Amino acid sequence: MNEERKVTLNGMPMTLVGEKVETGQKAPDFKVVDQDLKEYTLKDFSGKIKVISVTPSLDTPVCDMQAHRFNEEAVNLPDEVVILNISMDLPFAIKRFCMAEDIYNIKTLSDHREASFGKNWGVLVKELRFLARAVFVVDKDDVIRYMEIVPEISNHPDYFKALEALKGLIEK
């Protein structure tokens, strides 16, 4: 289902390209790198509940706050949960950000090389080649159980709904 969808950035229409994903479907694979250039795929997190926080750039105020919010939430989560933050930021920028902001409880990853996460999960912004703001909650069997692609990229995701979806999976 490769179709174009629209979101906005400060009211300007932007086009999302790539595969459209939906709740209930198997999570698509991806290849991203961490701040030390180590590659990761979905398989690296198998058997875990995954919260995937997608940000356009950690160097913007809303993305910064989103990373901090999930970093704080991660402290109280069981080992069966991993929180990933995926952006198009260069690994070196991610490393600088995490060190400066004490972000150590979430796994910060970069999709800058191939944009495989953006394309496979349908959150690649065609006009700017960055990722739209989104949150996905994926169960231990790699099924998408919750998703929100934020319609206005400059707005926050609904943290409460995402965390409630996560809580529902932890209690099972």
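Bear in mind these aren't lab numbers, they're just calculated from the coordinates by the rules spelled out. What you see is a predicted model, and the numbers here were worked out from it, not measured in a lab. Positions of Cβ are backbone-derived with ideal geometry, glycine not excepted, and every protein chain shown enters the neighbour counts.
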Could you please let me know if Lys6 is of a type outside the set (A, V, I, L, M, F, W, C), in contact with a strand residue (DSSP E or B) (Cβ under 6 Å, 6 or more places away or on another chain) and either touching a residue at least 60 places away in the same chain (Cβ under 8 Å) or surrounded by 16 or more Cβ atoms within 10 Å (Cβ to Cβ) (or both)? no
Flagged in the range 49-92 as in contact with a Phe, Trp or Tyr (Cβ under 6 Å, 6 or more places away or on another chain) and either of a type in the set (Phe, Trp, Tyr) or over 15 Å from Ala162 (Cβ atoms) (or both), in numbering order, are Pro56, Leu58, Met88
Residue check for Lys26: surrounded by fewer than 20 Cβ atoms within 10 Å (Cβ to Cβ) and under 14 Å from His112 (Cβ atoms): no
How about the range 50-64: which of its residues are in a strand (DSSP E or B) and not small (Gly, Ala, Ser)? Lys50, Val51, Ile52, Val54
Hey, among the residues in the range 147-167 that are touching a residue at least 60 places away in the same chain (Cβ under 8 Å) and touching a Lys or Arg at 6+ places or on another chain (Cβ under 7 Å), which one's farthest from Thr55 (Cα to Cα)? Tyr159
For Leu84, work out the one condition from (1) closer than 16 Å to Leu131 by Cβ; (2) touching a residue at least 40 places away in the same chain (Cβ under 8 Å); (3) under 15 Å from the mean Cα position of the chain (by Cα) it doesn't fulfil. (2)
Going by the structure shown, is Gln35 over 16 Å from the mean Cα position of the chain (by Cα) and either exposed (fewer than 13 other Cβ atoms within 10 Å of the Cβ) or in contact (Cβ under 8 Å) with a residue 12 or more places away in the chain (or both)? no
